[in-house]
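**Q** Handing you a structure now.
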Amino acid sequence: MANRKYIVGNWKMNGLREQLSDVADIASIAENHKDVDVAICPPVTLIALATETVPGFAIGAQDCHFASNGAHTGCLSAAMIREAGATMTILGHSERRADQHEIDADVKAKAEAVHAAGLGAIICVGETEEERDAGQAIDVVCGQLEGSFPDDADAGWLTIAYEPVWAIGTGRVPEASDVEEMHAAIRSKLSALMGDGADAVRILYGGSMNGGNASELLAVPNVDGGLVGGASLTGEKFGPIIEAAAAA
């Protein structure tokens, strides 16, 4: 049985209070496609406001710290983002791995803290252009997955997102055959890591998904949804992706 499609918008460092109307627009579109799970991860400043604006719509965070509290200036714990209204968080996004120098062990610790707080986690993995050109893509991605994989993982709270780093925000998208190969490799690695239940863990594709290519990407085996960046900022752009998921 195929997994329900899951479409998640990562707003990154975009969004002020005036963008709450866009959250409402997206929630309205999602309401018309209840066979698809839809979520938005706005900047943390909008989490509480967004949950007040669209009660019941899934709002997530973009990161959290692995500690429950302490001397971590500028950081937020899983309990804090949950209290703000988040139901899950993105972890290990390539931009954080590169810009904040996060390593697999950090991502694993964060995922376990998120689970302990009763939240869902989306763990991101992906290769650079240099790694792909060197023929190392699958080894790199599966290595990241193994190093980031939390204890007691199950499909009830864990999602994996494959994001080829070279495709994020560039408009470049891998061939469907490349996406199929990578998602199959991730599925196989999940089976090795957790055994029974691996098929129920949703694997999202992230990397310049938009209304024009969503149908093709979502038709690829083992692509259970999308982690969408710039195309998730408005209902006009995000709506066609949700509709493509409903039709997949």
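The values are calculated or read from the model by the stated rules, or taken from the named source; none is laboratory data. The structure presented is a predicted model; accordingly, all values stated were derived computationally and were not measured. Using ideal geometry, Cβ is built from the backbone for each residue, glycine included, and neighbour counts are taken over all protein chains shown.
**Q** Only residues that are touching an Asp or Glu at 6+ places or on another chain (Cβ under 7 Å), more than 19 Å from SER215 (Cβ to Cβ) and free of Cβ contacts under 8 Å to residues at least 60 places away in the same chain: list them for segment 165-186, please.
**A** Across segment 165-186, the qualifying residue is only TRP166.
**Q** When you go through (1) assigned to a helix (DSSP H, G or I); (2) buried (at least 20 other Cβ atoms within 10 Å of the Cβ); (3) touching a Lys or Arg at 6+ places or on another chain (Cβ under 9 Å) one by one for ALA111, which number turns out not to apply?
**A** (3)
**Q** Considering only segment 37-68, state which residues are over 14 Å from the mean Cα position of the chain (by Cα) and either at positive phi or small (Gly, Ala, Ser) (or both).
**A** ALA48, ALA50, GLY56, ALA67, SER68
**Q** Yes or no: GLY226 under 21 Å from ALA58 (Cβ atoms) and over 15 Å from the mean Cα position of the chain (by Cα)? Write out each step before concluding.
**A** Working: under 21 Å from ALA58 (Cβ atoms): yes; over 15 Å from the mean Cα position of the chain (by Cα): no.
The answer is no for GLY226.
**Q** Here is a further query. Counting just the residues of segment 182-196 that are surrounded by fewer than 21 Cβ atoms within 10 Å (Cβ to Cβ) and among the aliphatic types (A, V, I, L, M), which one comes out farthest from ASP151 (Cα to Cα)?
**A** Restricting to residues being surrounded by fewer than 21 Cβ atoms within 10 Å (Cβ to Cβ) and among the aliphatic types (A, V, I, L, M), the top hit is ALA184.
**Q** With respect to ALA231, determine if the residue is surrounded by 19 or more Cβ atoms within 10 Å (Cβ to Cβ), part of a helix (DSSP H, G or I), in contact (Cβ under 8 Å) with a residue 12 or more places away in the chain and of a type in the set (Gly, Ala, Ser).
**A** Against the criterion (surrounded by 19 or more Cβ atoms within 10 Å (Cβ to Cβ), part of a helix (DSSP H, G or I), in contact (Cβ under 8 Å) with a residue 12 or more places away in the chain and of a type in the set (Gly, Ala, Ser)), ALA231 qualifies.
**Q** Return the residues of segment 198-213 that are at pLDDT 95 or above and either part of a strand (DSSP E or B) or at positive phi (or both); say none if nothing qualifies.
**A** ARG202, ILE203, LEU204, TYR205
**Q** On the basis of being in a loop (DSSP other than H, G, I, E, B), touching a strand residue (DSSP E or B) at 6+ places or on another chain (Cβ under 6 Å) and crowded, with 18+ Cβ neighbours inside 10 Å, does ALA39 make the cut?
**A** So ALA39 fails the test.
**Q** Which pairs do you get when a residue that is assigned to a loop (DSSP other than H, G, I, E, B), found in segment 114-143, comes within reach of a residue that is among the β-branched types (Val, Ile, Thr), reach meaning Cβ atoms under 7 angstrom, with the pair 6+ apart or on two chains?
**A** Short answer, once both residue conditions are applied: LEU119/THR87; LEU119/THR89; GLY126/VAL141; GLY126/VAL165; GLU127/VAL140; GLU127/VAL141; GLU127/VAL165; THR128/VAL165.
**Q** Restricting attention to segment 10-36, and to residues there that are buried (at least 17 other Cβ atoms within 10 Å of the Cβ), in a loop (DSSP other than H, G, I, E, B) and of a type in the set (A, V, I, L, M, F, W, C), which single residue is farthest from the chain's Cα centre (by Cα)?
**A** Within segment 10-36, the match that is farthest from the chain's Cα centre (by Cα) is VAL36.
**Q** Go through segment 138-183 residue by residue and tally those that are more than 17 Å from ARG202 (Cβ to Cβ), out of contact with any helix residue (DSSP H, G or I) (no Cβ under 9 Å at 6 or more places or on another chain) and acidic (Asp, Glu).
**A** 1
**Q** Something else: So for segment 57-67 (the condition being farther than 28 Å from ALA30 by Cβ, hydrophobic (A, V, I, L, M, F, W, C) and surrounded by fewer than 21 Cβ atoms within 10 Å (Cβ to Cβ)), does at least one residue qualify?
**A** Looking through segment 57-67, at least one residue is farther than 28 Å from ALA30 by Cβ, hydrophobic (A, V, I, L, M, F, W, C) and surrounded by fewer than 21 Cβ atoms within 10 Å (Cβ to Cβ).
**Q** Can you pull out every residue in segment 124-137 that is buried (at least 17 other Cβ atoms within 10 Å of the Cβ), among the hydrophobic types (A, V, I, L, M, F, W, C) and either over 21 Å from the mean Cα position of the chain (by Cα) or farther than 18 Å from VAL201 by Cβ (or both)? Even if it seems obvious, please write down each step before you answer.
**A** In the first step, residues of segment 124-137 are kept if they are buried (at least 17 other Cβ atoms within 10 Å of the Cβ); the result is 124-127, 131-132, 137.
Then keep just the ones that are among the hydrophobic types (A, V, I, L, M, F, W, C); that gives 124-125, 137.
Matches in segment 124-137: ALA137 only.
**Q** In this structure, is GLY126 of a type outside the set (Asp, Glu) and more than 15 Å from LEU91 (Cα to Cα)? Walk me through it before giving the result.
**A** Values: of a type outside the set (Asp, Glu): yes; more than 15 Å from LEU91 (Cα to Cα): no.
Here the answer is no, as GLY126 does not meet what is asked.
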